[in-house]
Amino acid sequence: MGYFLGLDSSTQSLKGLLINTSNGMISAVISVSFGNELPEYRSPNGFLPDEDPKIRHANPLMWLDALDLLFRKMSEARWPMSEIQGISGSAQQHGTVYVNKQFGELLKDLNPEVSLAEQLRPGLARKSSPIWMDISSGRECELLREKFGARLRKDTGSNAAERFSGPQIMKFARENPSSWAKTDQVHLISSFLASVLAGENMPLDYGDGAGMNLLNLHTMNWDSGIAEFTAPELLKKLPRCVPSNSLPGKLSTYFAKYGLTSKIPITVWSGDNPNSLIGCGGAAEGSAVISLGTSDTFFGSLSALSQAPENYGHVFGNPAGGFMSLICFANGSLAREQIRKQCKFSWEEFNRAAETVKPGKCLLLPYFAPESTPVVPIPGIHANFNLENATPGQWIRALLESQALTMKLHAELKHPVSSIRLTGGASANILLQQILADVFQAPVYLGESSESAALGAALRAANSVEKIPFGVLTEQFCKIQTVIQPSAEQSSIYDKALINYQQLKQQFL
Ligand code: XUL
């Protein structure tokens, strides 16, 4: 019984959260915003701006500086660092970090007097990392589809997806064969950061590993046929993929300078969505989860391996065992933020403006950035109303309702959802909570913490170190605190809006 730390390296920030299994306490979050606190990396939204909207890379050294800064902030805030008994983490999915042979050697011998970024820089075989927003691997996806057809979705849980790691690795190996030859390991962001904590190369878990188009979900091993086609020698360069409750490492002595106890266990890290599934109490089959972050995602636990919906769905490992389904929408918080800035509103003014507009009338295809569901490679905004003369309220209501409608449309639900667990930064928006309840005609549940990825990571650490079952942890840490009931009156309005939304989509795409 005691403290467990969950870290969450998301698109725009690194956060840490503590739980205490002896009294059910969840701490506030301490965070480092990449854009605001590490301006030297010139990544205001967590990635390097590029004229080509299909290219989205981040500097992995930024994540290392963030790790040092976050631990410093935690110890300055007098967190009980020496009492932490285990650590796990969460990272934005699909992003790849390319390291050379030296990386493993450098990790073994980290000097606490020098920063992580400075010491590990020579261990990188590629200066930048493509992240989940990068969709420049269209050609590689075509090659994978031509070669493997429907087998890709059947065996890896997903059609070839531009943002997935396999197509991204293929692109790098094809375009930069000499740098690929120097790559000793291709980490996901989750296993890269876990390796830094443990002072040795760490494996991946089934949750994050399934987001690569490389893991065979029937055998839970790398699919050698797909890996060989993806890049030369890839099988040798992939970390092992292990169950999400594995304890493959112990904390490096480097982190003693922050008051942490060396050699405490490190639970394998996972992706943000699998961690969120755990952190919002959705690990058992039943309720759907909507996470509103930089990306909006719609997911839920699956009791058995089943095929993803025809078009955009994915199947990942569920960290509590079994599988989970997921659909990802790239224009989430950045689109909400963009319209708020355009109107020069606070979040309260944002909601108030939307409340003056009738529901279900104004619809928007808000592709400020390329979209993954449906695939829209070129950004563009389309609407069923005149955007030039539109009021701020029309823009805002159209955005929020269309974000809910696109989820309902693409979820390809066989049965109506009975309840929704809502999480992520934007889950605090009460208008968005109500719109989601009304569009899905299902109650929306909120837990104590909206930081479900960091919380999920902390719960996984407690589960693997102390062997506390997830059912017990969910009871203790994921209690439902707020319920938003759907309004039956809105049901027919949104049924009609869904048909209109589908037509708008057909007209422009
Ligand atoms: C999921 C996805 C995003 C990232 C970033 O497939 O691409 O949700 O994990 O949050």
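Read-outs: derived from the displayed coordinates by stated rules, not from any lab. If you're wondering where the values come from, they're calculated on a predicted model, not measured in any experiment. Here the Cβ is made from the backbone with ideal geometry for all residues, glycine too, and neighbour counts use every protein chain on show.
Ranked from highest to lowest mean number of other Cβ atoms within 10 Å per residue, what is the order of the peptides 81-88, 447-454, 477-484?
447-454, 81-88, 477-484
Taking a ≥ b ≥ c as the square roots of the Cα gyration tensor eigenvalues, with a/c under 1.5 meaning rounded and otherwise prolate when a/b beats b/c, else oblate, which class fits the stretch 264-399?
Prolate, because a/c is 1.5 or more and a/b exceeds b/c.
Output ³J(HN,Hα) for the stretch 452-466: one whole-Hz value per residue in order, computed from phi by the Karplus curve 6.51 cos²θ - 1.76 cosθ + 1.60 with θ = phi - 60°, and x for Gly and Pro.
5, 6, 5, 5, x, 5, 5, 5, 5, 5, 5, 5, 7, 7, 9
I'd like the antiparallel share, as a percent to the nearest 5, of DSSP beta bridges with both residues in the chain.
For the chain, the DSSP antiparallel bridge percentage is about 75.
List the relative contact order of the stretch 3-268 as a percent without decimals, with contacts defined as Cα pairs under 8 Å and 6+ residues apart.
19
Along the charge dipole of the chain, which of LEU152, TYR3, GLY95 sits closest to the positive end, that is, farthest toward it, with unit charges on the beta carbon of Lys, Arg, Asp and Glu (+1, +1, -1, -1)?
Among LEU152, TYR3, GLY95, the one farthest towards the positive end of the dipole of the chain is LEU152.
How do the peptides 341-351, 117-127, 175-185 rank, highest first, by the average count of neighbouring beta carbon atoms within 10 Å per residue?
117-127, 175-185, 341-351
Fewest first, what order do ASP155, ASP208 take by the number of other Cβ atoms within 10 Å?
The order, fewest Cβ neighbours first, is ASP155, ASP208.
Summing -39500 (n - 2.57) over the DSSP H runs of n ≥ 4 in the chain and dividing by its residue number, what mean residue ellipticity at 222 nm do you reach, to the nearest 500 deg cm²/dmol?
About -11000 deg cm²/dmol.
Leaving out same-chain residues fewer than 8 places away, which lysines sit with a Cα under 26 Å from that of LYS250?
LYS15, LYS73, LYS101, LYS108, LYS236, LYS237, LYS263, LYS467
Cross-link candidates for LYS341: which aspartates and glutamates have Cα within less than 12 Å, leaving aside residues fewer than 8 places away along the same chain?
Answer for LYS341, where 12 Å is the Cα cut-off: GLU349, listed by chain and number.
To make sure I understand the rule: partners must be lysines, Cα under 29 Å from the Cα of LYS496, and not fewer than 8 residues away in the same chain. Which ones qualify?
LYS358, LYS361, LYS408, LYS414, LYS505
Excluding SER190 itself, calculate the net charge of residues whose Cβ lies under 10 Å from the Cβ of SER190, where each Lys or Arg counts +1 and each Asp or Glu counts -1.
For residues surrounding SER190, the net value is -3.
When you count, for each residue, the other Cβ atoms within 10 Å and take the mean per peptide, how do 405-417, 93-105 rank with the highest first?
93-105, 405-417
How much net charge surrounds TRP347 when only the other residues with a Cβ under 15 Å from the Cβ of TRP347 are counted, with Lys and Arg +1 and Asp and Glu -1?
Charge balance near TRP347 sits at +2.
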